[in-house]
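Written out below as structure tokens is the structure these notes cover.
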Amino acid sequence: MRTYLAKRLLLIVPTLLGAAALVFLIMRVIPGDVTLLIFGGDQASQVDPKQLAAMRHRLGLDQPLWVQFASWLWGVLRFDFGTSLWTGRPVIEELLVRLPLSLELAVLATIVSVLLAIPFGMLAAVRQDSWVDYVIRVVSIGGLAIPSFWVGILIILLLVIFFGWGPPLEFTPPWINPWANVQQMIWPVLTVGYRYAAVTTRMTRSTVLEVMREDYIRTAWAKGLRERAIVFRHAMKNAMLPVVTLIGTEFAFLIGGLVVTETVFTLNGVGRFVVDAVAHRDYPVVQALVFLIALSFVVVNLLIDLTYAWFDPRIRYR
Amino acid sequence: MTNGIQPHAKPFTAVALASLMIITSVAAVETWAAETPRRGGVLLAVIGADPPSLDSHQESTFANIQLVAPLYSTLLQYDPYSYPKIIGDAATEWKIAPDGLTYTFKIRQGIRFHDGSPLTAADVKATYDKIIWPPAGVLSIRKAAYSEIERVEVPDAATVVFRLKFPSASLLDNLASPWNVIYPKKYLDKDPNYFKTNVVGSGPFKFKGYTRGSTFEGERNPDYFVKDRPYLDGYKFFISPETSVRASAIRSGRAYVEFRDLPGADVDAIKKQLGDKVAVQETPMTGQWGIAINNTVKPFTDPRVRKALTLGFDRYTASRVLYPLTGLKYVGGLMRAGSDWAMPDADLQKLPGFGKDIEKSRAEARRLLAEAGYPNGLKVVLKNRNVKLPYQDFAVFLIQEWRKIGVEAEHRPLETAAWFSDVQNTGSFELSVAPTVEYADDPDQFLGRYVTGSTQNWGRFSEPRVDDLFSRQARTLDPHERKRLVNELEKIVLENAYYMPGLWWTRKVVHWTKMRNYVAPPNHYTNQKLQDVWLAAD
């Protein structure tokens, strides 16, 4: 187990390096120039080329690519992600404003998803082709088919039209004002949680159905065990491996992938920050964010792999 | 000498003013004037974007000026209740020498920056020096508007003198620019880019905080130089690029106003739900969406092709269709329809694309295309900014119009940076949607883009007659003669279809009626200081 863990931790390094290098290169080949944007975007062509050159020099953009990349990596090792080209503030400061919100949303949406998806997914499998199964399937397919942002817009509109009430427009951390936090976060959590639960319910249902057809389950039925014991003791744990994988990757996705939902609910999270930074060619911010998102995927995947052993004791790590 | 009034009065100001403000807003001002302003409260507003930077000298977007204008003073300003009348802000009075070459401004005494230091003539000079002659590494996007200024002098701490190379008809308008906020000299001396990320103003509000993508806040400046102002304790903008979010924020009362514009459908829904709790001020806009035609690439080097494109656009139908969707409404030339400078309708309708008989125009367009060697029509690429309102709606309508004359346009929306890069900086385009939005109906502001070599001349054409007329109108102090030159210039550009005007914009400012004393001007840049705005009790 220890060897396995060490190997996995070491593998994180090339994975993150690869992701960082890829983004570094992509940001520099896409059209648009950060120096022009800094000089005002729509009026940028009025700028003297000497001024542009001076700005490129100041930002280090006149250096060879490998020098820029190496300099950035050296900073990362010291937890210094540089300064935003756009705001002039340290990237880490900008990130710390947004990360708590994205983490809260990801954690709460995951909780909602797990609480809904696992019981309903199992119920649908156990009661396959009954009306219960049909209802769960319709609701979950709806969750997959309807975009989250549309559900979000609908929720806001319904609240506004029928109650003349809308969620707060500014994020308040739960430790400052829990009630204000609930008022703002409950709607995006439900919106994201619904889609997330729909995906997970479908997966739970499929895997439980598959497991329920296994020989050892048939044996359990033949032994005269009660349904509850068969489902919870024998089927559930074995069915959970793909479900846990899905939950993990969805969680990592939620950290930086909720651009439109964040926009709809005026949440100043990591997702919007990524898009904003890309639009402004804010290289240090994009690199830091991609690094963060890649890191969250890698860590979550590692945790998922480690939980496999708990769900299936036959799995041994070497 | 003139003292405290505009020396170069605009020709038909009273008429223009009457057409500018809709009846409801004028009536509202009269009602508000009769009320006793209430102190306190924080004005909550929504805005559609973050500012690229906080330095207004370097920016040209509402996302900058609406946020920072309340924090600063300017030398002059447009009267909040009487656009386009110019009044003083930091300046109490001004005199213009009879030869029009010297402008002398007296600076109000007792103005203090938010760091406690006094605002003097030296700060005004440092500000204008930065704008007119920016140091290396500093952008000043409006410096071309001050080319007539030879130098700025400070004979004493309370006097600023602008010395001109030649008389200028637009100087006072340019000095009333909301973008020319006054910065303290000592910070500019240390770092001319200091104000891109910092705020030290002398306006009615002090900077409180800014979180990109979330909020921008100001709080009451207790030492503001106008006695008993501002009425508000502060203001707070919530930033959201999503139109439906901003509209919902108004509907739910989470915000009281959206200063730029909301689509007609949203405004109607808000009005229907909230009734008398909200007011809608609709004004024309000093902004137009048209088509930049790259005059340097074939087949657009041929005036017949360019003319065919403009003839093939039914502006009058477009106005009816696009107005409810986008606010694009008025048919006009290069100066705002209905403004002092606009060409008379009868003259305009004689120019290509402005006639009311669209079938006749389309037949002429097809004939010109055939004559130019395209009897079966042609394929073109129309580049655009990937912003829906009104860029893409306008383009979609235009494309189906062009189809009727055999022009197949491929619509290619681009991300903003790529769009600017292709269309403005490198000229890598055939046709592009091109907005023209300024803060006042000033010919220098609107027509400078048609001059040879102007960076705003996206069509990259060169017409010596236009250059000459632009230069002459800028120096002509008689408003009637200036208007004649302006209209002559317009006629040359439109007859040759160097550029293709689309429609002039309108804006609908919807706000809760408890927000008092705000009159929407015909642009979203001026009257944003909020010093006289107050909030009525619920």
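A short reminder: the numbers here are calculations on the coordinates, not readings from a lab. Everything numeric here is computed off the predicted structure, so don't read it as measured data. All Cβ positions, glycine included, derive from the backbone under ideal geometry; neighbour counts span all protein chains shown.
Determine the calculated [θ] at 222 nm for chain B from helices alone, applying -39500 (n - 2.57) to every DSSP H run no shorter than 4 residues and normalising by the residue count; nearest 500 deg cm²/dmol. Write down the numbers at each step before the final one.
Values: 17 runs with 158 residues, N = 538.
Computed ellipticity for chain B at 222 nm equals -8500 deg cm²/dmol.
Provide a whole-number value for the mean count of partner chain Cβ atoms within 10 Å of the Cβ atoms in peptide B:250-261.
Values: counts 2, 8, 11, 4, 8, 2, 0, 0, 0, 0, 0, 0.
Mean partner shielding for this stretch: 3.
Report the dimensions of chain B along its three principal axes from the alpha-carbon atoms, largest first, rounded to Å.
For chain B, the Cα extents along the three principal axes come out at 71, 57, 42 Å.
Could you check which residue among A:215, A:33, A:80 shows the biggest mean-square fluctuation in a GNM of chain A with a 10 Å Cα cutoff?
Sorting by GNM fluctuation, first place goes to A:215.
Across the protein assembly as shown, how large is the tail of the calculated P(r) beyond 46 Å, expressed as a percent of all Cα pairs?
Everything past 46 Å amounts to 33 percent.
Using only Cα atoms, what is the ratio of the radius of gyration of the range A:1-143 to 2.2 N^0.38 Å? Before the final figure, lay out the partial values.
On the way: Rg = 24.2 Å, N = 143, 2.2 N^0.38 = 14.5 Å.
So the Cα radius of gyration is 1.67 times the expected 2.2 N^0.38 Å.
Please report the antiparallel percentage of the DSSP beta bridges confined to the protein assembly as shown, to the nearest 5.
Working: 54 of 72 bridges.
Rounded to the nearest five, the antiparallel share is 75 percent.
Kindly list the residues of the range A:5-23 that lie in the label zone of residue A:249, defined by a backbone N under 12 Å from the point 7 Å along the Cα-to-C-beta vector.
The answer is none.
What is the pair-distance distribution P(r) of the range A:104-159, computed from all Cα-Cα distances in 10 Å bins starting at 0, with each bin given as a whole percent?
In order of increasing distance, the bins hold 21, 41, 31, 7 percent.
Got a sec to turn the phi values of the range B:108-116 into Karplus ³J(HN,Hα) couplings, 6.51 cos²θ - 1.76 cosθ + 1.60 with θ = phi - 60°, whole Hz, x for Gly and Pro?
4, 8, x, 7, 10, 6, 5, 8, x
Kindly state, as a whole number, the per residue volume in cubic angstrom of the convex hull around the alpha carbon atoms of chain A.
Details: hull volume 57.1 nm³, N = 318.
Dividing the Cα hull volume of chain A by its residue count gives 180 Å³.
Show me, for the range B:427-443, the HN-Hα J-couplings you get by feeding each phi into the Karplus relation (A = 6.51, B = -1.76, C = 1.60, θ = phi - 60°), rounded to Hz, glycine and proline as x.
Once θ is set to phi - 60°, the couplings for the range B:427-443 become x, 8, 6, 9, 9, 8, 5, 9, x, 10, 10, 10, 8, 7, 7, 10, x Hz.
Sequence neighbours fewer than 8 away in the same chain don't count; with that in mind, list the lysines whose C-alpha is under 22 Å from residue A:7.
The reachable lysines, counting only those whose Cα sits under 22 Å from residue A:7, number zero.
Residue B:345 to residue A:179: FRET efficiency via 1/(1 + (r/R0)^6), r the Cβ-Cβ distance, R0 56 Å, to the nearest 0.05?
On the way: r = 59 Å, r/R0 = 1.06.
The calculated FRET efficiency here is 0.40.
Using the Kyte-Doolittle scale, which helices in chain A average at least 0.0 and also have C-alpha atoms spread 20 Å or more along the helix axis, with helices defined as whole DSSP H runs?
On the way: long enough: A:2-29 (41 Å, 1.49); A:91-126 (50 Å, 1.93); A:131-145 (21 Å, 1.31); A:148-163 (22 Å, 2.99); A:178-212 (45 Å, 0.25); A:236-256 (30 Å, 1.29); A:283-311 (41 Å, 1.85).
TM-like helix candidates: A:2-29, A:91-126, A:131-145, A:148-163, A:178-212, A:236-256, A:283-311.
What number results when the radius of gyration of the range A:121-222, computed over Cα atoms, is divided by 2.2 N^0.38 Å?
Working: Rg = 18.9 Å, N = 102, 2.2 N^0.38 = 12.8 Å.
Rounded to two decimals, the normalised Rg is 1.48.
Calculate the translational D of the range B:246-388 in whole µm² s⁻¹ from Stokes-Einstein, where the hydrodynamic radius comes from the Kirkwood formula applied to all Cα pairs, the temperature is 10 °C and the viscosity 1.306 mPa s. Present the calculation step by step, with values, prior to reporting the outcome.
On the way: Rh = 18.1 Å.
Diffusion coefficient, whole number: 88 µm²/s.
Any idea what % of Cα-Cα pairs in the range B:497-538 are farther than 12 Å? Before the final figure, lay out each step's value.
On the way: 597 of 861 pairs.
Beyond 12 Å sits 69 percent of the P(r) for the range B:497-538.
Averaged over its residues, how many other protein chain Cβ atoms are within 10 Å of peptide B:410-416's Cβ atoms?
On the way: counts 0, 0, 0, 0, 2, 5, 6.
Other-chain Cβ atoms within 10 Å of each residue's Cβ, averaged: 2.
Write down the Å³ per residue value for the convex hull defined by the alpha carbon atoms of the range B:283-330.
Taking the convex hull of the Cα positions in the range B:283-330, it is 88 Å³ per residue.
Could you work out the mean count of beta carbons from other protein chains within 10 Å of each residue's beta carbon in A:84-91? The partial results should precede the final answer.
On the way: counts 2, 0, 6, 7, 6, 2, 0, 0.
The per-residue average across the peptide is 3.
Which entries of B:356/B:483; B:236/B:529; B:350/B:483; B:143/B:208 have Cα-Cα distances beyond 21 Å here? Numbers along the way, then the final one.
Values: B:356/B:483 25 Å; B:236/B:529 13 Å; B:350/B:483 18 Å; B:143/B:208 30 Å.
Pairs exceeding 21 Å: B:356/B:483; B:143/B:208.
For the range B:373-501, go through all pairs of different Cα atoms, get the mean of 1/r, take its inverse, and jot down that Kirkwood value in Å.
Values: mean 1/r = 0.0616 Å⁻¹.
Roughly 16.2 Å, rounded to one decimal.
Among the listed pairs B:307/B:383; A:50/B:206; B:106/B:514, which are separated by more than 27 Å between their Cα atoms? Don't jump to the answer; show the numbers that get you there.
Numbers: B:307/B:383 19 Å; A:50/B:206 36 Å; B:106/B:514 37 Å.
Flagged as over cut-off: A:50/B:206; B:106/B:514.
Which order, highest average first, do B:224-230, A:60-66, B:168-174 follow once you tally other Cβ atoms within 10 Å for each residue and take the mean per peptide? List each step's numbers first, then the result.
Values: B:224-230: 15.9, A:60-66: 12.4, B:168-174: 22.6.
Ranking the peptides B:224-230, A:60-66, B:168-174 by packing returns B:168-174, B:224-230, A:60-66.
Could you list the square roots of 5 times each eigenvalue of the Cα gyration tensor of the range B:78-226, that is, the equivalent ellipsoid semi-axes, sorted largest first and rounded to whole Å?
26, 18, 16
What chymotrypsin sites (Phe, Trp or Tyr not before Pro) does the range A:87-179 have in DSSP loop regions with at most 11 other beta carbons within 10 Å? Before the final figure, lay out each step's value.
Values: sites: A:120, A:131, A:134, A:149, A:150, A:162, A:163, A:165, A:171, A:175, A:179; in loops: A:165, A:171, A:175.
For chymotrypsin sites (Phe, Trp or Tyr not before Pro) across the range A:87-179 that sit outside H, G, I, E and B with at most 11 neighbouring Cβ atoms in 10 Å, the list reads A:175.
For the range A:223-296, what is the convex hull volume of the alpha-carbon atoms per residue, in Å³?
Working: hull volume 7.6 nm³, N = 74.
Each residue corresponds to 103 Å³ of Cα convex hull volume.
Report, to two decimal places, the Cα Rg of the range B:163-307 normalised by 2.2 N^0.38 Å (N = number of residues).
Scaled against compact globular proteins, the figure is 1.50.
For chain A, set up a Gaussian network in which alpha carbons nearer than 10 Å are linked by springs, and say which option among A:28, A:272, A:233 fluctuates the most.
A:233
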